[in-house]
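Let me begin by presenting the structure, written as structure tokens, before commenting on it.
Every number here is computed from the coordinates shown, using simple stated rules; none is lab data. Nothing here was measured: the structure is a model prediction, and the numbers come from that model. Note that we place each Cβ from the backbone using ideal geometry, even for glycine, and neighbour counts take in every protein chain shown.
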Amino acid sequence: MTRPHLAILTATILITTGLLTGCTQPTTTPAQELQTILAKINNTPSLTFNLSSSVYNITMNATIQERKPYSKFTIYNDHNQSIYLFRPDGSYYYNQTSKTWTKNPGQTTPSFIVDFIAQLAGNITHANITRGTLYGFPVHIFTNHTGQVTLQVWIWDDYGVPLQTQQIINNTIYSLAFYSYYSFNPLPDSTFNIQ
């Protein structure tokens, strides 16, 4: 190889290396990715989903509708349903017998998912975050150990909402929850009306 060929080869290698170095993407950790994913919930004006939860052997099924700052929980037990409505002016329970809303003095609850996601985001530095799939959906798995308690949350990458949560106490599953049938369609004012 002659000197001019060696010079051209060296220059080509240096230029290519420089271009490739400039084109590489910065490496992000799963925790950094999860922070970005969790922020997606802040851009979701309203949300409806089903929740199936089990604590020991007690199972609860509910449909939850949220539009900041309102939340509506329809809980299904056997052949009955209970409806709870949380509004800035208070908490209400729908009385099936009288077909009226009854105010629960002093009880208010902010949006369920938004608060849950904010708690997760605040604890990311103390958790183990991994990537995975659940039911074919890409997820980030949040695992936090505190003493004898382990909390695991599978967060759907596309929307920043949970698909499943699990709490383990002393190596025994204490609670398990499945979140499904998400809808991000706008909820009308009538959803949260007490008239």
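Table for the structure above
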read-out	value
Qualifying residue in the stretch 89-103 (condition: farther than 21 Å from ILE168 by Cβ, without any contact (Cβ under 8 Å) to a residue 60 or more places away in the chain, surrounded by 12 or more Cβ atoms within 10 Å (Cβ to Cβ) and within 13 Å of the chain's Cα centre (by Cα))	no
Contacts under 7 angstrom Cβ, first residue in the stretch 67-82 being closer than 22 Å to PRO188 by Cβ, partner basic (Lys, Arg) and surrounded by 14 or more Cβ atoms within 10 Å (Cβ to Cβ), 6 or more apart	TYR70/ARG87
Condition met for SER98 (of a type outside the set (Asp, Glu) and within 28 Å of VAL161 (Cα to Cα))	no
The stretch 169-183: number of residues that are closer than 17 Å to THR63 by Cβ and surrounded by 13 or more Cβ atoms within 10 Å (Cβ to Cβ)	4
Residue pairs meeting the criteria (Cβ under 8 Å; at least 6 apart or on separate chains; first without any contact (Cβ under 8 Å) to a residue 24 or more places away in the chain, in the stretch 172-185; second surrounded by 15 or more Cβ atoms within 10 Å (Cβ to Cβ) and not hydrophobic (A, V, I, L, M, F, W, C))	ILE173/GLN166; ILE173/GLN167
Residue in the stretch 61-73 that is closer than 22 Å to PHE178 by Cα and β-branched (Val, Ile, Thr) present	yes
ILE194 surrounded by 13 or more Cβ atoms within 10 Å (Cβ to Cβ) and more than 21 Å from ALA121 (Cα to Cα)	yes
Within the stretch 137-168, considering residues that are within 22 Å of SER53 (Cβ to Cβ) and loosely packed, with under 13 Cβ neighbours inside 10 Å, the one farthest from the chain's Cα centre (by Cα)	GLN148
